[in-house]
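Participant: The structure that follows is given in the form of structure tokens.
The values are calculated or read from the model by the stated rules, or taken from the named source; none is laboratory data. Computed from a predicted model, the values in this text were never measured in an experiment. Note: accessible area is taken over every heavy atom of the protein model, side chains too, but ligands, DNA and RNA are not part of it. Shrake-Rupley method; radii C 1.70, N 1.55, O 1.52, S 1.80 Å.
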Amino acid sequence: MKNNKEKISIEEIEIQQIDKSHKEAISKFISYEKELVDFLIEDALDNQKKQMSITYLWFLKSTKELVGYVTILADAISLQGELKEHFRQQGILYKSLPALKIGRLCVSDEYLGRGIGTLMIEFILVLAQRISKEIGLRFITTDAKRNQNPKKDSVHFYKNFGFEILKQREKGTTPMYKDLIKE
């Protein structure tokens, strides 16, 4: 099953919050994005212990293999320019609004193109909707990594889910957002 490109369904996935028992599985995780692997190995658990972010590990139930992870945290989106004016017209006069941030999202190289990233976004959308019933939450944000290879460019990936570019940057990442209440 490993090298075929069949889509993986959510029923085939087990999601667990990272803890020290996952050390071996994490050490075997492979991604072309070295920075994302380094974060998973070196910082994810420590950040969670310090209540700065939560990392959800995605395992294939059949093999117990770690196929991806997503790290989320609290954020706020600063309202500027057109976005500020858009909200002013709705009677929202705040300088910033609450958000849930996708700090990291990574699928192992072996499982790219099999729908896991899509399932992760759907998971985050459901989580955001649930959280928004308990606390104020208007947006999901991320800093999308750019890549010359369109298949590895996360800006296009996030646009497919209705994320919009917040601010164009020459270098580094592209800040993006999704409004949870889209008129």
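Participant: For region 43-121, what relative contact order do you get, as a whole percent, if you take Cα pairs closer than 8 Å and at least 6 residues apart?
Facilitator: In percent, rounded to a whole number, it is 27.
Participant: Within the accessible area of the chain, what % is carbon and sulfur when the probe is 1.4 Å and the other protein chains stay in place?
Facilitator: Exposed carbon and sulfur together represent 51 percent of the surface.
Participant: Further, regarding this structure: Mind running the shape call on region 13-59? Use the C-alpha gyration tensor, a ≥ b ≥ c as the square roots of the eigenvalues: rounded below 1.5 for a/c, prolate if a/b tops b/c, oblate otherwise.
Facilitator: oblate
Participant: If I take every Cα pair under 8 Å that is 6 or more residues apart in the chain, average their sequence separation and divide by the length, what percent do I get for the relative contact order?
Facilitator: 18 percent
Participant: Helix-only estimate, please: 222 nm mean residue ellipticity of the chain, summing -39500 (n - 2.57) across DSSP H runs of length 4 or more and dividing by its residues, to the nearest 500.
Facilitator: -7500 deg cm²/dmol
Participant: Using only the alpha-carbon atoms, how far is helix 116-131 inclined from the longest principal axis of the chain? Give it as 0 to 90 degrees, nearest 10.
Facilitator: 50 degrees
Participant: Still on this structure: Taking only C-alpha pairs under 8 Å that are 6+ residues apart, what is the relative contact order of region 134-182 in percent?
Facilitator: 44 percent
Participant: Just one of (i) 17.4; (ii) 16.1; (iii) 20.1 is Kirkwood radius over Cα pairs in Å calculated from these coordinates, so which is it?
Facilitator: (i)
Participant: Solvent-accessible area per residue for the chain at a 1.4 Å probe radius, Å²?
Facilitator: Ligands and nucleic acids excluded, the figure is 60 Å² per residue.
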